Each structure stands twice: as C-alpha cells, then as structure tokens.
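Note sheet for the following structure.
The values are calculated or read from the model by the stated rules, or taken from the named source; none is laboratory data. Because the structure is predicted, anything quoted here is derived from the model rather than measured. When we count neighbours, we look across all protein chains shown, and the Cβ atoms used for this are built from the backbone with ideal geometry, even at glycine. For the accessible areas, the whole protein counts, side chains as well, though only heavy atoms, and no ligand, DNA or RNA atoms are used. Shrake-Rupley method; radii C 1.70, N 1.55, O 1.52, S 1.80 Å.
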Amino acid sequence: MKKIFIIIFTSILITTSKFSIAQDVLKIAAIVNNQMISVYDLNMRITMLILFSRLPNNPETRVRIRSQVLQTMVDEELKLQEAKRISVKISDKEVDLALRAMERGNKLSKGAIKKTLKENKVDISVLHKRIKADLSWKELVNVRYGPTVVITDEEIDETLAQILNNEGKPEYRVSNIFLPLENPEDEKQVLEIANRMINQIKSGAKFSTLAKNFSKSATARNGGDMGWKRAGQLDQELDNILKLLKPGQISQPIRTIEGYYILYLKEQRIARKFGQPDPESATINLQQLIIPLAKNAGIKEVEKSIKSAQKIGQEARNCKELGLAAKKFNSPLSGNLGDLKINTLGLQQKRLIQKLPLMRASKPHRSPEGVMVLMVCRRDKEKSQILSISDRRNRIEASLRYEKLGTFTQQYLQQLRREAFLESRL
C-alpha cells in the first residue's frame with residue numbers, strides 16, 4: 001500500500017510539474033510586434049543568466065532581475081525581426097563557432113557550456129537564440145551604416161598626436177555598462193536598475209555577464225570591455241570618475257546626457273611608446289586546476305581545499321600531471337586553456353603567472369568558482385618588430401570606425417523600439 005501511495009504521489013508531482021511548465025509556455029510575458037515572449041522562455045533565460053553571472057539562484061534574485069532580462073529579450077526579438085525583414089541570415093555553423101569562441105573566452109573546454117545548461121535543465125536553444133540575435137545585429141549595423149562611416153586623415157592625425165602625447169602617462173583598461181535614458185520620466189527606474197546591478201556585482205555577479213545581457217553600449221558583446229583608454233579620451237563625466245578608481249573597483253552610477261554608466265577599472269599602466277611591442281601580447285599555453293567550492297563555503301572547507309591544491313601543485317611536475325590530478329574533481333573549468341594572449345587573462349590570473357617558471361604550479365588562489373592553481377606549459381615572446389606608420393594608422397582607423405559604429409548602433413535600436421508595438425504583461 002505504501003509503495004502504491006509513493007507511485008501515485010510521484011505521478012501527481014510529475015503531472016503537476018508538466019502542467020506548470022505548460023502554463024508558463026502559454027502565459028505571455030511580453031508582445032513584440034506580432035511575436036510573443038512566453039513566461040517559460042523568460043524563466044529559462046533568467047536561469048541561464050544566473051548560471052553565467054554567479055548570482056544566487058533564489059526567488060528573490062529571480063524577481064529582482066526579471067524586468068532587466070525581459071527588456072533584453074525584447075531588444076533581441078526586435079533585432080531578429082529586423083534581420084528577417086532585410087534578409088540577413090545567420091547559419092547554424094556561425095552560431096556554433098560563436099559558442100566555441102565563448103567557451104574559449106571563458107577558459108572552458110569544448111561542450112562545457114552545453115553540458116552545464118543541460119545539467120540545469122536549460123535548453124541550449126535559449127543560448128543559440130541570444131547568439132543569433134547578437135550576430136544578426138552586428139551584420140545589420142555593418143550593412144546599414146558600414147559604407148557611410150568615413151574616417152578622415154585629419155581624424156587619424158589628431159588621434160595619433162594624442163597617443164604620442166600620452167606616452168609615459170597613465171592608461172586605464174576599463175569596462176562599462178550603459179543604460180540609456182530615452183524618457184526623462186524613467187530616470188528613477190533606470191537609476192534603480194543601475195544601483196541594483198552594482199549590488200549584484202558586489203555580491204559576486206560577473207561584470208562581463210551583466211554587460212553582455214543588459215548594457216546598451218556597443219561594447220556589450222565584449223562584456224563591456226572598452227580596451228585601454230587614456231585621460232581625456234572618454235566623456236568628461238566618465239573621465240573624472242575613472243581617475244578616482246583603483247584597479248578592481250567599480251563606480252557608482254554616472255549620469256550623462258545619454259543615460260547612466262557604470263565603470264569598472266580592470267587595470268592601470270603607464271603608456272609605452274606607440275608601436276612598440278606589448279609584453280602582454282605574448283602567447284602562453286596555460287593549464288588550470290579548479291577545486292570547486294560553494295560561494296558560501298566555510299573557512300575549514302576552504303582551508304582544506306587550499307591545502308589539497310597546494311599538495312597537488314607541489315607534486316605535479318608538468319601540465320599533463322596537473323591535468324590528470326584535476327580530473328578527480330570533475331570541474332568543467334579545469335583543463336588546458338589552450339594558447340592565450342596574456343592580455344586576455346584576468347587581473348588575478350596575470351598576477352599568478354607573471355613570474356611563474358615553466359611547468360611550475362602557482363600558489364593556490366581562492367576564486368569565485370573555488371580554489372585555482374595555474375601552470376604555464378609554454379611561453380612565447382611577443383613580436384619584437386615595431387609597427388610601421390601605415391600599420392599604426394590602420395589600427396587607429398579601425399578603432400575610430402568601431403567607435404562611430406557604436407554610436408549608430410544605439411540610434412538604430414532606439415528607432416526600432418519607437419516604431420514597434422511593445423506590450424509587457426508582467
């Protein structure tokens with residue numbers, strides 16, 4: 001009798017769960033022209049964002065980020081509809097290549113993202129749609145504005161003079177999140193969202209993930225990374241705040257004419273002579289060991305993992321041995337990260353490998369994912385030749401073109417929003 005009750009009860013739970021999912025599929029979160037975004041799609045996207053951004057997966061977090069995620073999904077739907085309207089097509093192969101690039105950029109092995117999503121019951125199609133929207137939008141902007149963007153010799157000369165004048169002065173590697181303010185009546189809400197994001201980052205969320213999902217800047221697809229900037233290169237309001245930040249710090253919301261910015265200062269350095277090789281352009285092959293730990297792990301558990309990582313590092317004589325030792329922890333973040341430019345690494349990773357001899361394990365470091373140990377398998381020297389004048393000018397032209405296209409990108413999306421029928425049901 002007891003066994004029969006358990007079977008019946010389990011059957012009821014499964015049926016109830018399926019019914020709940022069916023309800024979410026039918027329930028509308030938003031309407032974008034003639035297309036709908038279901039509550040089910042929204043919930044899947046929220047789960048994916050939480051996984052990628054290291055936010056706690058609890059009801060409070062889900063409610064807090066729901067409106068932000070929905071707005072991003074609305075924008076993506078607009079981009080896909082516009083791509084369809086002017087016959088811009090993105091192939092499955094292009095999506096797969098972008099997904100693999102995403103894995104390499106996050107130091108993940110091939111298939112790791114798909115595996116993580118599957119384990120958390122998120123269909124890979126949710127991520128595919130986001131990637132397709134990003135690729136479509138890039139193509140749309142290039143088709144519409146690319147031929148009209150002209151960079152003059154005078155603009156290149158002016159930028160080159162500024163660069164030469166900045167030699168020996170501070171440079172800042174900075175990322176940003178931009179939240180536009182299209183209607184003055186929305187100021188309170190936009191500021192609230194900006195403050196909420198700052199709190200999320202301080203609670204452990206990845207700046208780059210929030211930038212990719214919520215920022216309306218052209219740098220969003222790069223996780224908000226603006227590259228190296230010199231004093232005076234940004235708008236005055238941003239420049240004033242940037243000079244006050246220390247590496248690793250994020251700003252409070254910065255009000256500009258266009259909306260609110262959040263700045264994150266990654267690194268600071270003294271500008272080298274323009275055209276000289278950058279030591280951080282050197283390529284290394286890197287092996288990584290991650291002993292997974294919960295974000296709220298206790299002191300004893302952390303100390304135990306650090307001792308274990310230290311012992312493994314001392315015993316591993318090469319990258320192969322470190323890789324074999326990492327397998328028992330079943331962490332998708334462990335493994336060989338492949339050939340990487342030093343300037344693509346995070347600040348802490350750079351510090352760990354800066355003076356690390358080849359085939360020598362680094363000291364264990366507590367990271368958001370757990371305890372990390374790195375080993376440099378190979379280190380190539382940076383290219384020693386100095387850039388020719390034409391190469392210098394070509395680089396400047398490409399950078400200026402990117403900046404101008406970024407401005408057009410925001411205008412394009414604003415136009416699509418104004419012309420669309422948008423309705424939120426939440």
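Residues R425, R378, R317, sorted by accessible area with the largest first, give R317, R425, R378 [1.4 Å probe; ligands and nucleic acids excluded].
A 1.4 Å probe over all protein chains sorts R418, R395 by accessible area into R418, R395, starting with the largest.
Anything over 29 Å Cα to Cα? Flag those among K79/K350; K206/K246; K132/K216, in the order listed.
Numbers: K79/K350 37 Å; K206/K246 18 Å; K132/K216 17 Å.
From the list (K79/K350; K206/K246; K132/K216), the Cα-Cα distance tops 29 Å for K79/K350.
Accessible area per residue for the chain is 57 Å², calculated with a 1.4 Å probe on protein heavy atoms, without ligands, DNA or RNA. Summing charges over neighbours of Q189, with a neighbour being any other residue whose Cβ is under 15 Å away from its Cβ, gives +1 when K and R count +1 and D and E count -1.
Under the classification rounded if a/c is under 1.5, otherwise prolate if a/b is larger than b/c and oblate if not, where does the chain fall, given a ≥ b ≥ c as square roots of the Cα gyration tensor eigenvalues? Oblate is the answer for the chain, as a/c is 1.5 or above yet b/c matches or exceeds a/b. Of D391, D123, D239, the residue with the greatest mean-square motion in the GNM of the chain, using alpha carbon springs below 10 Å, is D391.
At a 1.4 Å probe, what is the % contribution of carbon and sulfur to the accessible area of the chain?
Working: 12930 of 24120 Å².
The computed percentage sits at 54.
The dipole here belongs to the chain: it is taken about the Cα centre, uses +1 on the Cβ of Lys and Arg and -1 on the Cβ of Asp and Glu, and is about 2280 debye. Scoring 318-325, 57-64 by mean Cβ neighbours within 10 Å over their residues and listing the highest first yields 318-325, 57-64. Among the protein heavy atoms, those of V190 account for about 20 Å² of accessible surface (1.4 Å probe, every chain in place). Model label points for D380 and S91, set 7 angstrom from Cα along the Cα-to-Cβ axis, are 2.7 nm apart. Computed from the C-beta positions of Q162 and L347, the FRET efficiency with R₀ = 22 Å rounds to 0.25.
Taking all protein chains together and rolling a 1.4 Å probe, K404 ends up with roughly 70 Å² accessible. Which of the listed residues, G248, Q71, L286, is farthest toward the dipole's positive end in the chain, when Lys, Arg count +1 and Asp, Glu count -1 at the beta-carbon? Comparing the listed Cα positions along the dipole, L286 ranks first. The HN-Hα couplings worked out from phi for segment 93-102 by the Karplus form 6.51 cos²θ - 1.76 cosθ + 1.60 (θ = phi - 60°) are 5, 5, 5, 5, 5, 5, 5, 5, 5, 5 Hz, whole numbers, x standing for Gly and Pro. Decide, for segment 173-288, between rounded, prolate and oblate: order the square roots of the alpha carbon gyration tensor eigenvalues as a ≥ b ≥ c, take rounded if a/c falls under 1.5, and otherwise choose prolate if a/b is larger than b/c, else oblate. Judged from the Cα gyration tensor, segment 173-288 comes out prolate (a/c at least 1.5, a/b above b/c). Its DSSP H runs of at least 4 residues, each contributing -39,500 (n - 2.57), put the calculated 222 nm mean residue ellipticity of the chain at -17000 deg cm²/dmol, to the nearest 500. Sorted largest first by accessible area at a 1.4 angstrom probe radius, with every protein chain in place, the residues M44, M359 fall in the order M359, M44. For segment 306-399, relative contact order (Cα pairs under 8 Å, six or more residues apart, normalised by length) works out to 29 percent. If you take all other residues with their beta carbon under 14 Å from the beta carbon of R393, and give Lys and Arg +1 and Asp and Glu -1, the sum is -4.
Taking Cβ atoms as reference points and 11 Å as the exclusive limit, the residues near Q414 contribute a net charge of -1, counting Lys and Arg as +1 and Asp and Glu as -1. For F421, the accessible surface of its heavy atoms amounts to roughly 110 Å² (probe 1.4 Å, protein chains only, rounded to the nearest 10).
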